[in-house]
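The structure appears right after this line, and notes come after that.
The values are calculated or read from the model by the stated rules, or taken from the named source; none is laboratory data. Quantities reported herein were computed from a predicted structural model and do not represent experimental measurements. Methodologically, a virtual Cβ is constructed for each residue, glycine included, from the backbone with ideal geometry; neighbour enumeration extends over all protein chains shown.
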Amino acid sequence: MNKVFILDKNYLSYLLRQIRKKMSLVAPLRSENEDIVLKTVENIHEIELNYPASIPSIKEFLFPQKEDMFRFSDGTVDILKDNTKRLIFGVRSCDISAITLLDRFFGENFIDDYYMSRRKNTIFISLVCNNPDTTCFCLRLGTGPFLKSNFDIQLTDLGDRYIVETASEQGLNLIKDHAHLFSKVRKSDYEDQYEIILSSRSKFEKRINLENARQKILSGRISDRFWDWVAKRCFECGGCVYECPLCTCFNVLDRTESEDKGHRFRIWDACMFKGFTKMAGNVYPSENKGARIKQWYFHKLIYYPDHFGKFGCVGCGRCTITCPGHIDMASIVDKIDIGDRRRR
Ligand code: SF4
Ligand code: SF4
């Protein structure tokens, strides 16, 4: 069962300073071009909590864009793993929901030691979204703005204080280590939290239904012509794949410095690229752009629910913000669902 406490806002920066003495602290910071990015914190006062979703997503801290896997030299192999202890502060609920799914992807059946090593050394403090962005639709998927489980520590901003919930042993231990900063929760705190959550829920603008879209696709009513039509606006930049917290394709490459010396690394790949799954002899199994876009949506709307019982989308809205061709989960699902209703 979750344990609940109160943290006076005046104690937050002290708490983060104490934590930073023991581990690396990552939090949202404003970049030079005004984007919100998750970065290692040098100055705690620069942490930016008034933002919808960071660009890029949180996945790069568990599954980096480029990651060295091992080095080999003179017959010996040196496995490279990142064991840095990290606390990631100020993450949104949708990203925590994405991590719950990534844990299953990288941790079930085939265990990915590189991901798992980072995962077990990372603790998250997430923040309920009081003001969701116009691009967000986590509410429709149950992946935010407020979670009941699967987080380490979740904060709800009540103005002058946070209501602090823990749902993991790691989270509870962190609070116990700084117990003098936390106080007991009162009935009025729960009432204030309830008001905030109701208010946040009422601010969501998108009313899309992924299950309707899934059913329409499964019924065979969405033809390949639809995907070819969507593909006309795709620039093949890969932005949607790179920013999506649930896209996990990667390529593995070797670089040699001499006959018996070199290293192996993995690097994100994107099913939106023509070269994705390119084979020897210059064969491109994914040559058709419409087929590639169809594959991306099928992966999230069909395969993910079939294998994990959840959509491969947490409604973070990053694809909406990123895509220069205005192709994104919300608008495509809307076109499949509403467009299909109009066609009937
Ligand atoms: S972000 Fe848009 S333009 Fe870029 S690959 Fe994805 S769908 Fe295509
Ligand atoms: S498909 Fe788009 S909205 Fe859904 S999780 Fe990925 S980036 Fe976010």
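Just need a number here: residues in the range 73-108 that are on the phi > 0 side of the Ramachandran plot, in contact with a strand residue (DSSP E or B) (Cβ under 8 Å, 6 or more places away or on another chain) and either surrounded by fewer than 18 Cβ atoms within 10 Å (Cβ to Cβ) or outside any strand (DSSP E or B) (or both). Break it down into steps so the answer makes sense when it comes.
So the first thing to find is which residues in the range 73-108 are on the phi > 0 side of the Ramachandran plot, and the list is 74-75, 90.
Retained after the next criterion (residues that are in contact with a strand residue (DSSP E or B) (Cβ under 8 Å, 6 or more places away or on another chain)): 74, 90.
Right, trim to either surrounded by fewer than 18 Cβ atoms within 10 Å (Cβ to Cβ) or outside any strand (DSSP E or B) (or both) and you get 74.
Number satisfying all stated conditions: 1.
Of these, V241, V230, which one is out of contact with any Asp or Glu (no Cβ under 9 Å at 6 or more places or on another chain), surrounded by 18 or more Cβ atoms within 10 Å (Cβ to Cβ), in a helix (DSSP H, G or I) and modelled with pLDDT of 95 or more?
Details: V241 fails: out of contact with any Asp or Glu (no Cβ under 9 Å at 6 or more places or on another chain).
None of the other options fit; the residue is V230.
Within the range 298-328, can you find the residues that are within 16 Å of ligand 1 (Cβ to nearest atom) and free of Cβ contacts under 8 Å to residues at least 60 places away in the same chain?
Listed by number, the residues that qualify are H299, K300.
If the requirement is being in the same structural domain as Y115 (by TED's automatic domain parsing), touching a residue at least 40 places away in the same chain (Cβ under 8 Å) and either away from ligand 2 (no atom under 16 Å from the Cβ) or in contact with a helix residue (DSSP H, G or I) (Cβ under 6 Å, 6 or more places away or on another chain) (or both), which of these qualifies: A167, A231? Before you say what the answer is, go through the steps one by one.
Working: A231 fails: in the same structural domain as Y115 (by TED's automatic domain parsing).
Of A167, A231, the one residue that is in the same structural domain as Y115 (by TED's automatic domain parsing), touching a residue at least 40 places away in the same chain (Cβ under 8 Å) and either away from ligand 2 (no atom under 16 Å from the Cβ) or in contact with a helix residue (DSSP H, G or I) (Cβ under 6 Å, 6 or more places away or on another chain) (or both) is A167.
Determine which member of the set E236, E257 is assigned to a loop (DSSP other than H, G, I, E, B), away from ligand 2 (no atom under 16 Å from the Cβ) and over 22 Å from P52 (Cβ atoms).
Details: E257 fails: assigned to a loop (DSSP other than H, G, I, E, B).
Of E236, E257, the one residue that is assigned to a loop (DSSP other than H, G, I, E, B), away from ligand 2 (no atom under 16 Å from the Cβ) and over 22 Å from P52 (Cβ atoms) is E236.
Can you tell me how many residues within the range 7-23 are touching a Lys or Arg at 6+ places or on another chain (Cβ under 8 Å) and crowded, with 16+ Cβ neighbours inside 10 Å?
The first filter runs over the range 7-23 and keeps only residues touching a Lys or Arg at 6+ places or on another chain (Cβ under 8 Å), leaving 7-9, 22-23.
From what is left, the residues that are crowded, with 16+ Cβ neighbours inside 10 Å are 7.
So the count comes out to 1.
Select from the range 273-297 the residues that are within 19 Å of the chain's Cα centre (by Cα) and surrounded by fewer than 16 Cβ atoms within 10 Å (Cβ to Cβ) and list them in ascending order. Even if it seems obvious, please write down each step before you answer.
Of the range 273-297, the ones within 19 Å of the chain's Cα centre (by Cα) are 296-297.
None - no residue of the range 273-297 is within 19 Å of the chain's Cα centre (by Cα) and surrounded by fewer than 16 Cβ atoms within 10 Å (Cβ to Cβ), so the list stays empty.
Among the numbered criteria (1) touching a residue at least 40 places away in the same chain (Cβ under 8 Å); (2) of a type outside the set (S, T, N, Q); (3) not in a loop (DSSP other than H, G, I, E, B), which single criterion is violated by F124?
Failed condition: (1).
With the requirement that a residue be surrounded by fewer than 24 Cβ atoms within 10 Å (Cβ to Cβ) and assigned to a loop (DSSP other than H, G, I, E, B), what does the range 139-150 give you? Spell out the reasoning first.
Step one: list which residues in the range 139-150 are surrounded by fewer than 24 Cβ atoms within 10 Å (Cβ to Cβ), which gives 139-142, 146-150.
Across the range 139-150, the qualifying residues are L141, G142, F146, L147, K148, S149, N150.
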